[in-house]
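First up is the structure itself, then whatever we jot down about it.
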């Protein structure tokens, strides 16, 4: 599947993990002979693709619920967003907080395009 390029506003994890102890250790991984911290370009692309896919599914779900229940899109968003946050905070969905914020903003933009 060919994906769109990851936009500059998509969150990137730039936190360098450090493990405490007598000799502090930096959380890096060896990938293709290089030590890296954070996501590889391929991993970042996968996370971006998943956020875009989920935002589209959430927008479709919001439109469906609004139609079924006679709600405004604003009311539907107000009901859906807390449920999304619960799934992320409980680790049922594996998105970072920044990715979730970005995904929900994209969902709102997709819904604005329809209105």
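The values are calculated or read from the model by the stated rules, or taken from the named source; none is laboratory data. Please read all numbers here as calculations on a predicted model, not as lab measurements. Counting neighbours? That spans all protein chains shown, and the Cβs are built from the backbone with ideal geometry, glycine included.
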For this session: Residue by residue through the stretch 32-54, note down the ones that are in a helix (DSSP H, G or I) and surrounded by 15 or more Cβ atoms within 10 Å (Cβ to Cβ).
Result: 44, 45, 47, 48, 50, 51, 52, 54
For this session: With respect to residue 98, determine if the residue is touching a residue at least 60 places away in the same chain (Cβ under 8 Å), assigned to a helix (DSSP H, G or I) and at negative phi.
Result: yes
Exercise. How many residues, within the stretch 16-26, are under 23 Å from residue 97 (Cβ atoms), surrounded by 10 or more Cβ atoms within 10 Å (Cβ to Cβ) and at pLDDT 70 or above?
Worked result: 3
Exercise. Restricting the search to the stretch 55-72, which residues are farther than 24 Å from residue 6 by Cβ, without any contact (Cβ under 8 Å) to a residue 12 or more places away in the chain and not in a loop (DSSP other than H, G, I, E, B)?
Worked result: 64, 66, 67, 68, 69
